[in-house]
Each structure stands twice: as C-alpha cells, then as structure tokens.
Amino acid sequence: LTTWVDDTVGRMLDVLDRTGLSEDTIVVFTSDHGDNLGSQGLVQKGGPNEEAIRIPFIIRWPGLGAPQVNQTHVASLVDLAPTLLSLLGAEIPRHFQGRDLAPLCCGESSDVPPHAIVETGAGAGIRTLNHMYYLPFDGHHELAEAPTQFFDLARDPYQMRNLAQEDSPPMPARELDDTLRRWSAETPWMTAE
C-alpha cells in the first residue's frame, strides 16, 4: 500500500509539473486517522495513542518556498481549512474552530498555540510536541476528574509508561489539564445537549 500511494502521488505531482499546473495548485497529503496494526495489542483506531492519532500533514505549493518540516507545532485536521483559506488570501469564517497555520507553512513564526486537541468517542486529549494527556468523558461530553493517560513522548515515544497512574505526575500534567478544560468550556458542542 505504501509503495502504491508513493507511486500514485509521484505520478500526480509529475503531471502537475509537466502541465505547468503546479504553480497554481496546492496539494495536501493527509489521512483521517492512523491504524494501530497490533501495536500495544490494539487494532484499527479509536484511542489517543500515537499510532491512531498521528497522521501525515504535508502541504506542497511553490508559494511556500523551500520544503521544510515544522518542529514547533502539532497540527490537527481542523486546522486544514483555515490554513488553506489563508494561503489563498481568503477570509476565514469566524465560526471555524481550526487555527491558521499558514505562517508556519511559510517558515514564519506564529502565535497560535503549539498543541492540538485530540477528540475520540470516549474522551479528549491534548497533544504537544512532547506530551499526550487524555481525559475520558464522564457522562455526556463532560471531562472526568482524572486522566487515564499521560505520556512523556520525548522519553517514551511508544507510550509504554503511563504517568497518569503515578501518585504525583510531572508538572506539565497540571498545565495540560488546565488547557484541555479551558478548551472544553469554550467548545460549543461540548456543552450542547
């Protein structure tokens, strides 16, 4: 599958280049979710583990300049629409929940928060460059008091040591908890019946 996708995307990009359309075409390569494929005994998707939530997010457009990899922010699919609208110079509707990451795509700095919110059917989490913090729902879209998952991804990229189970989780847990609860209070669907 990977070879087929690589070949197919390569052929598409080649056609855009040969026909002169690449200058006016933004190409986005992404996915709606990952797949556990047996990691940690899990299959398919659904949980907040890296294999299920981490996806490609590649944007190709000559207007962006030299190819680069952003290493300061975590993006989410809800950021795609506002980012594309911004790259096109279009207005971003106020009701959009995603963030405009166009400056980051262009190699500029941005004041948007560097984290992304992860929503599953059973809860919500916050993914930063170095941490994953997850609170299950306790009732109808209300976040539980305590996390079920907290991982230091810099030290534990395969999520083998769940820090949420420790008596005294490291300091970032409190800050992540506050940020996630603030997001929950500000997100309309979280309070809708």
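The numbers here are math on the coordinates, done by the rules we state, and not lab data. This structure is a prediction, so every number in the text was calculated from the model and none was measured. All Cβ positions, even for glycine, are placed from backbone atoms using ideal geometry, and neighbour counts span all protein chains on display.
Its Kirkwood hydrodynamic radius, worked out from the mean inverse distance over all distinct Cα pairs, puts the chain at 18.6 Å. Taking a ≥ b ≥ c as the square roots of the eigenvalues of the Cα gyration tensor, segment 97-193 is classed as oblate, since a/c reaches at least 1.5 and a/b does not exceed b/c.
Full extension of the chain segment joining residue 94 with residue 130 gains 10.0 nm, where the gain is 0.36 nm per residue of separation less the Cα-Cα distance.
Over segment 104-145, the alpha carbon radius of gyration divided by the compact-protein estimate 2.2 N^0.38 Å works out to 1.50.
Using the Cβ-Cβ distance between residue 69 and residue 31 with R0 = 22 Å, the FRET efficiency computed as 1/(1 + (r/R0)^6) comes to roughly 0.80. Per residue of the chain, the DSSP helices (runs of n ≥ 4 H) give a summed -39500 (n - 2.57) that works out to -7500 deg cm²/dmol at 222 nm.
Across segment 139-155, the residues whose backbone nitrogen lies under 11 Å from the label position 7 Å along the beta-carbon direction of residue 122 are 148-149.
Using a 7 Å offset from Cα along Cα-Cβ at residue 12, what residues in segment 56-78 end up with backbone N under 15 Å from the label point? Residues 56-61 fall inside that zone. Dipole orientation for the chain: of the candidates 2, 136, 116, 2 has the Cα lying most toward the positive pole (charges on Cβ; Lys, Arg +1; Asp, Glu -1). Which angle between 0 and 90 degrees, to the nearest 10, do you get for helix 172-186 versus the longest principal axis of the chain when only C-alpha atoms count? The helix 172-186 is inclined about 70 degrees to the chain.
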